[in-house]
Amino acid sequence: MNVLGSMYINATALKAETTRLNTISANLANIDTTRTPEGGPYRKKSVVFRSAPMNFEQSLEHSFNNQLQGVQVDKIVNSPEPLRKEYDPSHPDAGPEGYVEKPNIKLMEEVTDMKSAVHAYELNVTAIKTSQRMATQALKIGA
């Protein structure tokens, strides 16, 4: 694989990780949201990645290696986990028995997922910087 190909892969991963971090931020911001425009409490969202082939123009540029693929967000899905129920009869969204349905978001899981996403983002930035240094050194050798 050439230097530009590896930079392409890392750039697509950075874009995907940005979406992942934005989704985690939305989850954390809505950790106590009991009423959404769709109705009911907020549901935890997760990002699903998939490998993405290069577009036609990029394939022509890298025709020697048509196996080159990047990372793409396939979809953002709602968590199938059940909602939390908390007893709070004074809450405006409490049911007849006094229980309030709260989002199915666990703070520690979200923080751990965020740290993982930040680490993946940093690794991709490091890989791009390394590719840039390699390209610069190759140009110095050729000069």
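Each value in this text was obtained by applying a stated rule to the coordinates, not by laboratory testing. Since this is a predicted model, take the numbers as computed values, not measurements. Every residue, glycine as well, gets a Cβ built from its backbone with ideal geometry; the counts of neighbours run over all protein chains shown.
Within the stretch 29-43, find all residues whose amide N lies under 17 Å from a label point positioned 7 Å from the Cα of Val111 along Cα-to-beta-carbon.
The answer is 29-32.
Which FRET efficiency value, to the nearest 0.05, is calculated for Ser46 and Thr130 with the Förster distance at 25 angstrom and r the Cβ-Cβ distance?
Computed FRET efficiency for Ser46 and Thr130 comes out at 0.25.
On a 0 to 90° scale, report how tilted helix 3-29 is relative to the longest principal axis of the chain, with both axes built from alpha carbons and the result rounded to the nearest 10.
Computed tilt is about 10 degrees.
Measure nothing fancy, just the Cα-based angle from helix 107-142's long axis to the longest principal axis of the chain, in degrees from 0 to 90, nearest 10.
The two axes meet at around 10 degrees.
What number, rounded to the nearest 500 deg cm²/dmol, is the helix-based mean residue ellipticity at 222 nm of the chain, given -39500 (n - 2.57) per DSSP H run of at least four residues and division by all its residues?
-17000 deg cm²/dmol
Where Rh denotes the Kirkwood radius from the mean inverse Cα pair distance, what is Rg over Rh for the chain?
Radius of gyration over Kirkwood radius for the chain works out to 1.20.
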